[in-house]
């Protein structure tokens, strides 16, 4: 027993103390929290996802429009990108010129949201093990909130003046630097690991992911209507308010799973966050020699996750692809996103229990089935000649989103309890760097083939998924897991704490909050992309608004087609820049967030990610609002990504959520959760 625990950074007495303190704190929770025993962070994550989803498409569309303006098109011409009755040939012309730049901006945004939160997650992950999950969430949420404030400001400004789309990438820096969603997710999953046992952990993880997806689902469904009834700035303002509500919920309505003595002051916690000891703890998690082939399995899972992340990097140009290939507008794309996420939710909530409990499939088998589904999905979309074929692709690949829970369950099974948060944050940080490759790669492929075969990037994605499948087929982790006593690496006090907290948080903890934040992200993604296209048309290209309004519609005029060709590359550059801002900083930050959350809690990480997202969307909303009155360069939207980047972004959020689930679930039900 003690030999198996030798990899932990804590002494047996220190770990026992943490367990006793956590159990005492949870036993002393308020009566109303006892009555709401199945919910913890889920409402906050739901609001985060809701806020992110309602703004993601909106921002992508906004980048396209502002790229159109920046490239010198008349405002009227750029408006053709958003008008269904516009001349399709003229719209296609504008799209062809605008989309390459818009794709580049999107690529930068993706990289910023992915890479930068990785470093924050690495720091905060180990930090949360000592000082709690809740402070970690709050730190990342602050960055999210800051970025959304910037995005709101930029969108408001773009209504009055011309705002270059590249500014939106800068807005995601706070989001990325503080860990963003990477830290929030890592803290949430770490919290879940704290308060569940092996019997309920998988199910709890599944429910939490379902809550995040439900938030994204609601965002996809309502984003186009919000923009239609209000405007882009109002959309980001709504997302910002949702992030504020998520942060308030985390502060006042949740309990931390890691309790420390009162001797740990704020200065000590902040100093410990940047301590080199956190880096040593993280490196030890990956490089320390373990029994059997555990270390090799961990690295294989990280590589597999990186490959799937690389293959999924086509999402930054997919909206542009649907506009170019099928003439979809923002509402049509939102419907598709809604359907896609709904099917993925069904796969996680219904598919995983069927595979695990009825068919007795291993976690490795679940991951293989998911990757095969991704390959089929990409191939069908690549060969699609009509929009209904995209719906066919997502309809027959229900299980394509189940690999994440399966892989995280494998890791939590073979790792000591004290190392789960460190591994989750380190793994997510490493994979968060992938957008540095995937975003430029898919943007380059799309821009190079936009006039001849814009669907080529789907086949590139299928190829990467194929490599991941080969790696998974060679993995013999299931045999090793059966003889690795990972479930026994906890003390009796820790087991008692998990049994107590599992009964309290059996079904829902972070799921509602994850649902809201993904709903927020996805409800705005198409609107954002469309706004970028519009402001590119009006600000970058100097076209009139009536013409730019016709972009993104089923227009058949040659003028609109040429304008679309011109605007889309410019808009793609803005979206790429935004992605870069939200990826690079969080990728590095998440390296520290995981260990930090082991000490200070998953909750602060999640709150920080929510805050960064809130600020980002607030800024985008502001810029969008201003763009209604002034010509604003769509590059200003990049600035809104700063807050998201500073708070850890998606990398920190996922790290926190997975660490939390690993904390509060057991091996038996961890994959389902």
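Just so you know, all these numbers are worked out from the coordinates, no wet-lab data involved. Here the structure is a predicted model, which means the values were calculated and not measured. Heads up, the Cβs are rebuilt from the backbone with ideal geometry, glycines too, and the neighbour counts pull from every protein chain shown.
With a 10 Å Cβ neighbour count serving as the proxy for reagent exposure, in which order, fewest first, do 360, 55, 627 appear?
On the way: 360 8, 55 45, 627 36.
Starting with the residue having the fewest Cβ neighbours, the order is 360, 627, 55.
Note down the nm distance, to one decimal, between modelled labels 7 Å out along Cα→Cβ at residue 452 and at residue 360.
Result for the modelled spin labels: 5.4 nm.
For residue 303 and residue 385, what is the calculated FRET efficiency with R₀ set at 41 Å and r taken between the beta-carbons, to the nearest 0.05?
Once the sixth-power term is evaluated, E becomes 0.70.
Counting other beta carbons within 10 Å of each Cβ, put 472, 408, 346, 52 in order, fewest first.
Least crowded to most crowded, the residues run 346, 472, 408, 52.
For residue 252 and residue 470 in the same chain, what is the full-extension length gain: residue separation times 0.36 nm, less their Cα-Cα distance, in nm?
Length gained, residue 252 through residue 470: 73.8 nm.
Please order 368, 297, 532 by the number of other Cβ within 10 Å, starting at the fewest.
Least to most surrounded, the residues fall as 368, 297, 532.
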